[in-house]
Structures are given as structure tokens and as C-alpha cells.
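Everything on this sheet refers to the single structure shown next.
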């Protein structure tokens, strides 16, 4: 299925088919030809040496051993020199805000890493600016030279009744967003107890997405694979990225979900789940690689989806299967397999040249037919949305905080207390409930040793609320 | 992606999700439970013994080793007794008219054979009754207890300028049909020279289909896999069923099409192409089994899609891969993978019980949760459309024919002639151009030996046209 989600500035296949047909037939020269590469075919799972790709109007018109009949005087020819031509990489689920960047700057960071498509859920801004904020992110996403599809946030706040967010997302908001051009589906349905309990708002959001023919993202963050999980699946989410072990991945795929396995800045869930393919031998078509959350430091230092694919290969996955998990599997999941995810006629011309399918150096990146990066340098313009002043001044505090706001008073006369401490586990989402004996000085509980103090400062509604607590597991001494 | 193509009488997943969730969670009894079968999982390509399937509102609510929490006093329990539970079979491309039956009677014939979904292009009636006739077929299709999705005919007539049909299909007709509830895409685009030459009408029909987010069916009946084929692919068709050799299947899949391989009453194109999977080892996800044309005699005597799957297995295909080619591959191709094609939550409860995955006896057929056949007997009601009288009286001849209409006059005084003869090749679509020496009696050329006479009688426009010719290859002596 071809989703009609082309940004306004980029013509759909239906609009440019006459040009593509003419180029393929040799009646019209291509805009650009990538010549003499090894065609990595993610449909058949083959590498075919000595192929050319002809591009016009930002889409692929022709792929064959010889595209010389597509080359005219003004055709730009890029010599692949035998390198692999792989499809631009797709990030199946992620949050741009985790990079501490806007969509434009995030795009500029990941383009040299070979990411040309992202499925992004702006639920952080939804908490701050509501539907209007989501629209701003969506609009800036559509301005970029790569494909940024927006998943409409489903759960803002993520824990209803336990948070004081700036805005909330309603089922009506979801239904409205489904009419926007860049919305590809519903963002991760985090209220999994709600779905399992048939919560009307959650099911209404899912129904609005299904009726729009779009994909419902899941988020089932529990090890319980019994009826509660089955009820969640019956509610409609089509994928899940919260699995942490092989059994999680297997259960999701068996029940007809796609298992998204993630390597983010703090998520390391690929190695423990990819064995469903590499050892158990299941059909790999329903596994998808994603990042979920990448800090910009991770992107600059270690990469983005190229890092995830490389890691999957290091975990024993065949390179072509790993590439399928970051290209065609993702495209198929979102109903975009005729739009992105492979180097075949009609698709957006998102092409990477790399000299090594294992180490995956990203040498040239072409997005929608334009060379957007070479040797790690972004060559594309990533335009900024005209963010209104209100969007840049959302911290609403009413008063300045003082040191006293962060004092944790001990019971009268105590020299030490037993404190509840959040136990962070490295590279995992779940935390532990710990207890520590902490000293008291001048009537205040002190964070010592590996225990640090943490504070949640209310910043939306000017309530002045400051909640203090303790956390361990960051490796402080 | 969930296509919103549920017939009016059958509720969509979005409508019944609260029921499905409640059944899965054990808060509400299922309508029906199939107990103790071997779950054939076409997502993971596994057989999992000892599973139950709980069904409600015609959809699957729960699949697990134990669904006893879904069983209430009024739940109908079907004992699978260890038999395989496979998804109802899908015919990826076919013409109901080839069975010489209406949709209702075709459904009644194929239900006991395990076919529960068909993608049918009523282009024969389009030639006779135009868009109105297509609508009648479409409407009767939606009345059936199985899933009959209509592909809007693209090429009526199939050879413009060489046929005098009753009606013609225009690009505007195609655009209109895309709004009908049962239209799944465009029927086989047979005018492949037109597409390769960027014919505006053909590209407009394809564009209307793509813009509706639906699937464009292909038909490229030529051995030329060069630029003409590439130009056809660039024009937008997403599948093709005219391949006859391994290279055809490979070329289609490499260029991002799905290769449909057919076993019809007269098409035997599976054995020669399935080697792309069984010997060449390509990813099988892009190969789909279909019948294209099945005479009702073939259905009754040999089966329908069960015959095709069985044949694919006999050709060396692993049974689970062959089943994928008749279930989930087809569903995914048409954007219906969350609606049909697997036995997983939310999907229409189309289930077959069979005791042998190779011989594939069809013992029980459940469609949308109802038992529609047992041991070869159809138990379902297949309602007839109220066909108007005009639709049953379309043969418009103006006069009765006489024997003289079929006389082929020889040149004056000739005793014998060299005649052009159509050479039919068994089980293939292409014909040969042959010449035979034929005798002349009383001034008329005689069909003798293996040569038979064939006549094309104009029956739409009362032109009185009768075109006579000769044909060989039917095995006459």
C-alpha cells in the first residue's frame, strides 16, 4: 500500500510516474545515475554486483546492470566504484526530543549516519504544548530533506492521575491528527493496563487510528505474557519495543505484532532478543530495529541506525537480515513498502554507499535523489520551523527556587533514617525499589556514597511543587 | 495496516475491540473456542502443538495453550483433536467469471476447499455491463460469508481498438470505484505496452488507485525483461502473475513487485517459478500463490487454493512456506495483514482444521467465526444478489445465425489453401502463429485433422459480425 504521506514539497509516485516510465524506457534522461555498485536487494535478500540506479524527480526510475540509456548530457553520474548500495536506514520508533534537539537539528545529526526515515512520536512536547506542539514538530518534520513520519502521541500524560502536565491528549485530538499529512499512526500506547482493561479513551484512540488505516504503536512494559498481554494485543497495538528477552520477542511475533528491538543511548535490548532469529530460526520479517531514545552525544560519537544495524550484526545476525530489519521490514509495517525501504522503481531515492556490509561505514548518503552527506559531513539544508515565542518559553515557575526547596527534613532528633531509594539498572527501563540507611545532618537527610538526590520540579502550572527523592545506580561514589 | 473494507454486515476490529479485549482477559466468554490444535503460525513460520483459539464477534480474541478462561456456558467448543489449525486460504488474483458462476455460487464451491479470501477482478462482466456490472459483482461479493475483495477492472477492453465490447472502463470509472467499500485495488493492468509507453489513461487509472492507498495489480505478459519491463514496473503495478519461468519470478521480486504464481485450470506456472525459493533460496515473502482462472469442474474435482498449496509442496516447497504464500504474504500485499491471513488476535476468524500439512485435507472450515464447511460439505448460506433482468439478457444479436455465417470461402477454383492457424500450447497463455495446408470442398476451406474451426461472434452491439478462424492444439484427431 502506498500511503499518501508525501510532504507537500515532494511529489508522489502517482504524480511523477510519467517521468519515471520515460526514464526507464530511455526516452528521457535521468537526473542522476549511481553507477557500478553492488545492489543490496532487501526484497530477495541478495547482493547483486555491477548495477546502476537511475533517479529522477527524487525517485528511483530504473535499476539494472546498465543504465546508460538513462544518461543524458545533464545527468549527474555518481560512481559507486563497486561499493554496496543499500537503502537509506529507517528508525522504526523514536523520540526526537530525547536528542535534546528540534527535528531539523536531529535530521542534520543523523543524515551523515545514513538515517533517511524516522518514525517519531513527539510525546514529550505533547506534555508541554499539547496538540499544538505536536503540530509544530510535525510541520518541521515535513520540511526536512529526509522522511520524518510522525506518530501521534497516545498517552500524554503517560500515567494519568499521577502527573501534572501542561496539556493532555484526548481521543478527539488523536482523531484530528489522523487527517494531517505527516501522521503515520498512533504513538506508543503506554497505558497498557488501560488497554487490557478496555479503557474507553485508550480504545477510542486506537479505533480512530485503525479507521484511518494507520498503524497503532505499542508499548507493553511488563514481563507478564499471560492473558493481560493477550488482551493488550487484542486491543489493537501492532508493534512493541519494550521486550527485553527472547521470550518477549517471540510472544509478540507469534501474536501477529512486529517486535521492535532497540539500541538507544540507554536501551540495550537487541542482543537478548535477536536470538529469536539467529538461534531459534523464526521468520525475520516481523522484527524491526529502532533506537527509541538517542542522546545527541550518542549520535555524534557512535552513530544512529547504522550503530544499531552494526550491533545486530555483531550479535550474530546476517548482514542482509539486519539490513532488512532497518529497511523493508519497517516500511512494510507502516504501509510504506512502495514508498521507502528498498532500492526499486518508484520508491524515494534514499541510497547509501558503503564499502563494508559489516562495519557499515556511511560514505555517501542520497535522500530523495539528492546527495545529503559525504564522509560524515551533512551537505543538506535542514530548515527550521518558525517556532513561536510561546513555544520557547514554556517553563512556568511563578517563583525562583532556593536551596531550601531541596532540603529533605528528617524526623525530629533522628541521626539517621531508612530511606526509599530508586534503584536504576544500567541499560534497562525498569527500576528497583531499594532502601538505604542515610545520615542526618542539621535535621536534613544527606545523600551519600552511591546514593544521589533527585528532584522533580513542577514547571507547567506554577504550583511551586518540588518533590525530592533519592536514586542510586549511576555509579557515583 | 487495517483496510476499512469490512462488509457492512461485519464489524471491524475497531468496533469490536472492547469485546475482544474482554474475552482475552477472561471477563467475558467467547462465542466459540477451537480447542487443542496445532497452531500453524505464519508470522514466525512455526507449528505450535496444543493451542486453543477463542473467537468472538467473528474475530480471534485469544490464542494460547489454554483458553479455558474464555469458555462460558454458551461457548461453542470445537475439539481440534490435535489437528493443524491453519489460516483460511487466500487466492491472490482470480476471476470469478472463469468458473462460469456468480460470486455466491463460486463461494459455495470453494468454501469446502478452504478458500476464505479471494481477490477477484470482474473484468469479464466489465466488458459486458461496464461499471454497473462491476458494482453488481462487488455487491454480491460483499454479501458472502467469506471475504471477496474486488479489484476494479483496469482494461476493458483488454486490447483497445481491436475489440467491440459492450462497455469500456474509463479512468473516471476507476476513480469512482476506489470509493466503494469492497474495492481493494486495481485489477490486472493488462495494457503493458500502454504503461511502458506512458499512456495517459493507463497511468491515470494507476494514479487513482495509488492515491486511494490501494494496490495496483499487474499483468506483464512478455518474456522481455529489459527496459520495457522496467518501464512497466516504474509505472506502478505492484504484482504480476504472468511469469512462466524462474527468471520471470526473480526479476519481479528484485524490482519490488510481488510475484504471483498460478495454478489454474489451464495455467501451470508454479513448478517453473517456485525454484526461485526452493533452489535459488530467495526470501519467500514476496511470492504469492493464486489460481487466476478456475473452471468449476476443476474446483469440484481437484480443489481450489488447497490444490495450489498442495501442488507447491509437491514441487518441493516447505509446507509452512507454501502456506505463507497463500495466507500472510497475500494479506500483506493488499494491506490486510491485520485483517486476514493469520490466526492471531483481531483478525477475522478464518480457520481450517486439517490432519495433514502435505496432503491438506480440508476437514473443517470456519469463516468469520462460523463453521461454514465440514468434510467437503458447504454449510453456509451464500446469498444471491437480486440481479436485474437486463443483467441476464445481454446477448444482443439482432438476428439468428445460420450455417452460412461459419463458411470460410476459399479463393476461386482453389483445391487447397495455406491457412493461418492459432497454435494453442497446453497450460500456457501465449499461442503460436502456425500455417497449415487445408483442403477446400465446395469452395469452402475445411478444418481437418488436428485443426478445428473457431468463430468469434459479436454479441454486444448487434453488428452481425462473425469472424472465423482455425485453431490447433486441443488434441483433436
Bin by bin, in steps of 10 Å, what percent of the Cα pairs in the range A:316-374 do you find, going until the bin that has the longest distance? 23, 49, 28, 1
Could you work out the Kirkwood radius for the range A:395-472, taking every pair of different alpha carbons, averaging 1/r and inverting it, reported in Å? 13.9 Å
Alpha carbon centre of the range A:442-477 versus the range A:154-228: separation in Å? 31 Å
P(r) of chain A over all Cα-Cα pairs, binned every 10 Å from zero, in whole percent: 4, 19, 28, 25, 15, 7, 3, 1, 0, 0
Contour minus end-to-end for residue A:456 and residue A:417, with contour as 0.36 nm per residue of separation and end-to-end as the Cα-Cα distance? 11.9 nm
If the chain between residue A:359 and residue A:268 were fully extended at 0.36 nm per residue, the gain over the current Cα-Cα distance would be 30.9 nm
For chain A, longest principal axis from Cα atoms; helix A:13-25 axis from its Cα atoms; angle between them, nearest 10 degrees, is 40 degrees
To test your reading of the geometry: what angle, between 0 and 90 degrees and rounded to tens, separates the Cα axis of helix A:200-211 from the longest principal axis of chain A? 0 degrees
What is the fewest-to-most order of B:408, B:169, A:96, B:377 by other Cβ atoms lying within 10 Å of their Cβ? B:377, B:408, B:169, A:96
Exposure proxy check: B:86, B:78 ranked by fewest other beta carbons within 10 Å? B:78, B:86
Starting with the fewest neighbours, write out A:245, B:382 ranked by other beta-carbon atoms found within 10 Å of each beta-carbon. A:245, B:382
Semi-axis lengths (Å, descending) of the ellipsoid that matches the C-alpha gyration tensor of the range B:7-86: 21, 16, 11
The protein assembly as shown: C-alpha pair distances exceeding 51 Å, %: 23 percent
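Is it possible to state the helix-based mean residue ellipticity at 222 nm for the protein assembly as shown, with each DSSP H run of 4+ residues giving -39500 (n - 2.57), the sum divided by total residues, to the nearest 500 deg cm²/dmol? What is it?
Theoretical 222 nm ellipticity from helices: -7000 deg cm²/dmol.
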Modelled FRET efficiency - R0 51 Å, residue A:393 with residue B:400, Cβ distances, 0.05 increments: 0.05
For the range B:234-371, convex hull volume per residue from C-alpha positions, Å³: 115 Å³
Bridge type composition, the protein assembly as shown - antiparallel percent by DSSP, nearest 5: 60 percent
Crossing angle, helix A:305-314 versus chain A [Cα axis fit, 0-90 degrees, rounded to tens]: 90 degrees
Counting only C-alpha contacts under 8 Å and six or more residues apart, can you give the relative contact order of chain A as a whole percent? 16 percent
Of all DSSP beta bridges in chain B, what percent run antiparallel (nearest 5)? 60 percent
Between residue B:435 and residue B:48, what FRET efficiency comes out of the Förster formula 1/(1 + (r/R0)^6) with R0 = 41 Å and r the beta carbon distance, rounded to 0.05? 0.10
Spherically averaged projected area of the range A:3-159 from its Cα convex hull (nm²): 10.9 nm²
Size of the range B:293-418 as Cα extents on the principal axes (Å, biggest first): 74, 43, 32
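Bear in mind these aren't lab numbers, they're just calculated from the coordinates by the rules spelled out. Note that this is a predicted model, so its numbers are computed, not measured. Heads up, the Cβs are rebuilt from the backbone with ideal geometry, glycines too, and the neighbour counts pull from every protein chain shown.
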